[in-house]
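To start, the structure under review is shown below, and the notes come after it.
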Amino acid sequence: MSIVDLTSMGEAQAQLRTEINERLARLQDEISDYCFQCAKCTSGCEAHKLLELEPHKIVALLKRGLIDEMVNSDVIWTCMSCFKCRERCPQKVAPVEILFALKNMAVASGKQIPGKYTAMLQSILSIGLLQDVQSVTTHDNKMVKRDDLGLPAVSKPMDAAKFQMVLSKLAIEKV
Amino acid sequence: MKKYALYPGCVMSTEQYAYEMSVRESLPLLGVELIDLQGFSCCGEPLKSVNQLLTLYLSARNLAIAEKQKLDVFAPCAMCHLALSECKWVLGKNADMKKRMNEMLATEDLKYEGTSKLVHTVDLLHDHIGIEEIKKHVTKPLKGVKLATHYGCHIIRPSEIGRPVDSEHPMKMERILEALGAETAEYPEKLDCCGALLQINLDESALTKSGQKLKAVQEHGFDGLVDVCPWCHKMFDARQTKAGETVAAKLDLPVFYLTQLLGLAFGIDKKKLGLELNLSPVDNIKLGGK
């Protein structure tokens, strides 16, 4: 199994989709009871002014069951996960967690993942880290690496095959 | 001597070397022994939008590696610290999930129990070492500089799972900087996000967020900004010029890791603290050692 299975509409994803659906349904039930649309989340949202994310509307849409519409919308990818909405909600609704579930659903449904997420996932699968060791510039324009600076070798998974095997399995593992 | 496994995460260990250098130089002076372990991977937090289970597994895996050596964990990155904290919180409440994670961990001969404690730079310094102890080591006080702090969202919130600092009025960094001899002040944008996570899919917006905060800090008349997260620092320091261009501001603000300032106040050589790797104009202010 490879990156393709982790991010595609392959058969393996059906179970994952069911699981995320259940998670969303559970959130929907709880929210129907608790959210009273005070919009405190939106008033503090870091992505609101800049990218027009309105967490209280995300909650309202979920309440009305418009899940597919949100999964297919770009707006769910504007959250920068600052967790202010979760912190400040007087009813403990946590829109940020709904957004994570919606994004997970978009990925499991085989929608194209925006930006560098796929590259990051690929890198984690192959070396365990978001990226390999980089050369960096000093402020007088010299290029240096970890070892030039006297830092020890970077810590990485020792048995790459075993590490990859588990990560690939995660796509079909129950939530 | 307090012993911790140093969990380096990806960003600090693959590009933000100044943080790692200053952590490794300054903390041993305060009686902290940092142990390097083999086999760590990404904490998973940046991929939470892709697959939350993957995040949970990667965090459990890293904690299990430290547990195997019976060590507590020091995570200097705010993002990693959140992922590991949330993993401990979720698996502490959900025995089924813990069992499931352990079934997968067994492939690599690992087991998660939840026995290791977790610290970040700020609570390690403020709560575990203590202000009085820090003061004892200051030989070159940071006199005459007024510094703004940036904590980073992920060590601030969500308080529900337990965070190293207060969620609405964090003051521990201020207390530490004052112990080093610097002046601090409150400012309205203190809790604003750096936007770093948006680098992944909306880079222009990430730069705007950072630019707006840097511009505000500069306009308030601070001499510099201090942070404790490699993601935030990359935005404020290495990408400062670009962030400034995005918000049409000429930015000229020195940005430091807290541990760099700690080292300077302790008289450690600038080079050992990685100050030549800061791309913001850190030489604009005269601080501590040579």
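For this structure, a couple of remarks:
- So B:PRO164, is it over 19 Å from B:THR259 (Cα atoms), of a type outside the set (D, E, K, R) and either crowded, with 20+ Cβ neighbours inside 10 Å or modelled with pLDDT of 95 or more (or both): no
- Yes/no for A:GLN134 being free of Cβ contacts under 8 Å to residues at least 12 places away in the same chain and out of contact with any strand residue (DSSP E or B) (no Cβ under 7 Å at 6 or more places or on another chain): yes
- Among the residues making up the stretch B:43-62, a single one is more than 7 Å from every other protein chain (Cβ to nearest Cβ) and more than 16 Å from A:VAL166 (Cα to Cα): B:GLU45.
- The set of residues in the stretch B:183-209 being small (Gly, Ala, Ser) and more than 11 Å from chain A (Cβ to nearest Cβ) consists of B:ALA185 alone.
- Among the residues of the stretch B:262-290, those identified as at pLDDT below 95 and in contact with a Lys or Arg (Cβ under 9 Å, 6 or more places away or on another chain) are B:LEU287, B:GLY288, B:GLY289, B:LYS290.
- Residue pairs whose Cβ atoms lie under 9 Å apart, sitting 6 or more positions apart in sequence or on different chains, and linking a residue in the stretch A:69-91 that is more than 8 Å from chain B (Cβ to nearest Cβ) to a partner that is acidic (Asp, Glu) and outside any loop (DSSP other than H, G, I, E, B), are A:GLN91/A:ASP33.
- Condition check for B:ALA106: surrounded by 23 or more Cβ atoms within 10 Å (Cβ to Cβ) and either touching a Gly at 6+ places or on another chain (Cβ under 7 Å) or closer than 29 Å to A:LYS169 by Cα (or both): no
- In the stretch B:17-42, the qualifying residues are those that are hydroxyl-bearing (Ser, Thr, Tyr) and outside any loop (DSSP other than H, G, I, E, B), and the one that is nearest to the other protein chains (Cβ to nearest Cβ) is B:TYR17.
- Scanning the stretch A:109-134 for residues that are within 9 Å of another protein chain (Cβ to nearest Cβ) and farther than 18 Å from B:ASN201 by Cα turns up A:ILE127, A:GLY128, A:LEU129, A:ASP132, A:VAL133, A:GLN134.
- One residue from B:LYS136, B:LYS213 being in a helix (DSSP H, G or I), under 30 Å from A:SER123 (Cβ atoms) and either free of Cβ contacts under 8 Å to residues at least 24 places away in the same chain or within 11 Å of chain A (Cβ to nearest Cβ) (or both): B:LYS213
- For the stretch A:137-147, the condition holds for no residue, the condition being that it is more than 9 Å from every other protein chain (Cβ to nearest Cβ), closer than 25 Å to B:SER205 by Cβ and not small (Gly, Ala, Ser).
- Filtered residues of the stretch B:110-126 (kept if under 30 Å from B:LEU177 (Cβ atoms) and surrounded by 14 or more Cβ atoms within 10 Å (Cβ to Cβ)): B:SER116, B:LEU118, B:VAL119, B:HIS120, B:THR121, B:VAL122, B:ASP123, B:LEU124, B:LEU125, B:HIS126
- Complete set of residues in the stretch B:66-91 that are assigned to a helix (DSSP H, G or I), farther than 21 Å from B:PRO230 by Cα and in contact with a strand residue (DSSP E or B) (Cβ under 8 Å, 6 or more places away or on another chain): B:ALA66, B:LYS88
The values are calculated or read from the model by the stated rules, or taken from the named source; none is laboratory data. Fair warning: this is a prediction, and the values are worked out from it, not measured in the lab. So basically every Cβ, Gly included, is an ideal-geometry build from the backbone, and we count neighbours across all protein chains shown.
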